[in-house]
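Written out below as structure tokens is the structure these notes cover.
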Amino acid sequence: MGIDGIGKGGAPPPTSGIDRSPSPSTAEVGSPSAEFKVGRATPSEAPAGASLDQVRSGTISVSQYLDLKVNEATSHLANRLSAEQFSFIRQSLREQLSSDPALVDLVKAATGQLPPRNE
């Protein structure tokens, strides 16, 4: 007793071929009849590296930089959570950025400075 398709030489050839003649109703690729439209461009936000450049130049402190990053990371939650939950998440994230060894290393690599420990 064999398993279906094993040792039987494969499936039989199709009884009818594929019609490869071009369809008169389809437009050729790149033909002038095909129209391409692009929506209106929206203004973009400031580049993400702008605040990092400010830290490196001394315009803002590492603490201010981390606060900006926490605000960016949690801004989408502002209208979805209660004020208490939102505050808790922001504080927890900010504490982790200052205490977790892996995150501290990332902050140091990005800014060249260690984040302040207790705030």
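The values are calculated or read from the model by the stated rules, or taken from the named source; none is laboratory data. What you see is a predicted model; the values in this text were computed from it and never measured. In this analysis, Cβ positions are derived from the backbone assuming ideal geometry, glycine residues included, and neighbour counts consider all displayed protein chains. What goes into the accessible areas is simple: the full protein's heavy atoms, side chains included, and nothing from ligands, DNA or RNA. Shrake-Rupley method; radii C 1.70, N 1.55, O 1.52, S 1.80 Å.
Test Arg56 against the stated conditions and say whether it is among the basic types (Lys, Arg), under 24 Å from the mean Cα position of the chain (by Cα) and surrounded by 12 or more Cβ atoms within 10 Å (Cβ to Cβ). Judged against the criteria, Arg56 is not a match. Of the residues in region 102-117, at least one is without any contact (Cβ under 8 Å) to a residue 40 or more places away in the chain, open to solvent by 50 Å² or more (accessible area, probe 1.4 Å) and part of a loop (DSSP other than H, G, I, E, B).
Right, Glu84: open to solvent by 90 Å² or more (accessible area, probe 1.4 Å), modelled with pLDDT of 90 or more and out of contact with any Leu (no Cβ under 9 Å at 6 or more places or on another chain) or not? Answer is yes for this residue. Among the residues making up region 60-85, those that are within 22 Å of the chain's Cα centre (by Cα), part of a helix (DSSP H, G or I) and not basic (Lys, Arg) are Tyr65, Leu66, Asp67, Leu68, Val70, Asn71, Glu72, Ala73, Thr74, Ser75, His76, Leu77.
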